[in-house]
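Just so you know, all these numbers are worked out from the coordinates, no wet-lab data involved. Quick caveat: nothing in here was measured; it's all calculated off a predicted structure. A quick note on method: Cβ atoms are made from the backbone with ideal geometry, for glycine too, and the neighbour counts reach across all protein chains shown.
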Amino acid sequence: MLIVSKSQIQMKSSFWAARSEFNQIYKNFLFVSDYYQKIYGERYIDLFTASTFSKVVPSLIATKDYVNELKSDMYYQEYPSPSGDDQLINSFIDFIKRVYQLDFSSYEIMVCQGTMQAIDAISRVLNGKIVFVMDSTVTFAKSIPTANGAKIVLIKTNNGIIDFDDLEKKIKAYSPQEYMYLYLNYPNNPTGAQLSKSEFSKLIDITQKYNLQIVHDHDICFTSYDPERPAISIFADKRAIENSIEIYTLSKEFGLSGLRVGIIVGNKKFIRMIKYHNYEMNIMIPSLNQRLAALALQRADPKIISNKIQSTMKVLVEGFQSLGWTHLKMPQAGIAFLLPVPNSYVKEYGDKSGAIFSFYLQKNYGIGVGPAKCNCLTKGQYIRVLAMEPSEKCQKMFDFIKNKVNVDMEIDHRLYSDYCNIIQLAEEHDVR
Ligand SMILES: Cc1ncc(COP(=O)(O)O)c(C=O)c1O
């Protein structure tokens with residue numbers, strides 16, 4: 001339970017709703033993760049927080065690049081323009097040509113502080129009340145619009161693929177004046193699912209039929225494992241420009257989450273609205289960060305980066321297979337997958353089993369995983385695994401737990417009271 005202050009200072013109820021409806025389990029597990037990270041130190045293996053992918057992907061920016069860039073233009077002496085740095089925008093257009101052979105030069109493009117801040121801006125500035133969100137996705141896609149006063153309507157997914165019938169049924173339940181946008185995320189975190197081009201086209205058919213805008217969070221843009229389902233842009237279907245925007249970020253495949261740089265591309269009117277928001281709110285992204293982002297885009301070799309992520313992913317999937325999870329498959333794309341918890345945990349703890357099995361791995365072995373329920377309220381019996389650590393460290397983890405963890409393992413009953421205690425502690429530290 002959140003502790004609500006009795007003083008005169010009161011927060012809008014939408015902020016409490018954001019935490020209690022969507023973010024509580026996630027924030028609790030960030031606390032659990034910090035707690036065991038301190039205990040295990042170097043031995044801790046973080047497969048949960050998404051705070052950085054720099055341990056997996058090659059480093060694109062060296063210390064001397066920061067220094068050279070800083071010296072070259074004394075960026076810190078002036079306010080940066082809210083419009084975004086041309087060099088970054090041009091580097092982005094060139095990068096997209098390299099990875100997708102798509103030409104974005106005639107599309108509206110803007111620089112933002114990252115995906116989360118883009119979602120904040122969009123859900124403040126757009127008219128309407130209803131944000132349709134696929135039910136398997138990151139918490140911020142639900143909590144940020146909620147904090148801004150929107151109502152979230154979850155759309156069913158099947159193994160991460162959006163259910164078109166459910167989408168259409170839910171769109172029809174509201175009037176067009178009430179729609180804000182549909183949020184999509186492919187490659188999908190947490191399921192590892194990827195839409196095919198024809199599935200994207202079907203989404204475009206449905207949303208254009210009802211005049212609904214699409215926000216595609218495309219945080220992973222070139223890492224996929226299934227040749228039938230590469231990580232494609234929504235603009236592979238040219239019609240998408242009528243009602244879609246796509247958000248790119250430097251946080252994942254480029255390993256630069258601290259830069260706080262993202263790029264939004266697509267429908268002109270939609271992006272203009274986000275620009276107005278950023279101008280009115282004086283949102284400025286430091287020029288140094290934008291120049292470094294441009295360098296990263298120029299230097300990135302998608303093949304080398306995705307091979308690195310793929311080798312971690314392979315070790316993780318094959319490692320769990322060797323512990324008895326024989327049905328586990330490689331994800332279609334991205335950085336995440338869901339792992340069902342051992343049966344004994346499901347029997348004893350039901351919908352909480354994902355949280356308790358995550359806690360078991362955190363506490364006993366310093367393995368930082370979290371409950372899939374953080375992202376997907378219907379997946380209480382799964383944990384989420386992120387490919388955030390180098391493959392060698394993941395391999396060592398499996399060597400260590402080889403005879404200790406398996407799909408048929410028994411429960412350690414002493415665990416439950418420890419779990420309750422740490423969750424209580426987490427909730428007492430409710431600001432994070
Ligand atoms: C699906 C997804 N989109 C976006 C982000 C974060 O993006 P940014 O750092 O650009 O705000 C995350 C971070 O975990 C994510 O999982």
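Below is a table of values for the structure above.
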| item | result |
| --- | --- |
| Point-to-point label distance, S83-S14, nm (Cα→Cβ direction, 7 Å offset) | 3.1 |
| Sites excluded, GluC sites (Glu not before Pro) in DSSP loops with at most 16 other C-beta within 10 Å, longest stretch of the chain | 229-409 |
| Acute angle (nearest 10 degrees) that the helix 197-209 long axis makes with the longest principal axis of the chain, alpha-carbon atoms | 60 |
| The range 63-299: radius of gyration over Cα atoms, expressed as a fraction of 2.2 N^0.38 Å | 1.00 |
| Cβ-based exposure ranking for L425, L338, L377, in which fewest neighbours within 10 Å come first | L425, L377, L338 |
| Sorted largest first, extent of the chain alpha carbons per principal axis (Å) | 59, 53, 52 |
| Extension gain, N403 back to E42 (0.36 nm per residue minus Cα-Cα distance, nm) | 127.7 nm |
| Angle in degrees between helix 268-280 and the longest Cα principal axis of the chain, rounded to the nearest 10 | 80 |
| Least to most buried among R384, R272 (fewest other Cβ within 10 Å first) | R272, R384 |
| Too-long pairs where the Cα-Cα distance tops 26 Å, listed order kept, from K172/K197; K363/K393; K269/K373; K55/K379; K142/K238 | K269/K373; K55/K379; K142/K238 |
| Ranked list, fewest to most other Cβ atoms within 10 Å of each Cβ, for I89, I401 | I401, I89 |
| At 1.306 mPa s and 10 °C, Stokes diffusion of the range 305-430 via Kirkwood alpha-carbon radius, µm² per second | 105 |
| 0 to 90° range, to nearest 10: angle between helix 63-73 axis and the chain longest Cα axis | 20 |
| Rg over Rh, two decimals, the range 23-159 (C-alpha only, Kirkwood Rh) | 1.02 |
| The chain: relative contact order as a whole-number percent, Cα under 8 Å and 6+ apart | 24 |
| Fraction of antiparallel bridges per DSSP, the range 63-299 only, in percent to nearest 5 | 40 |
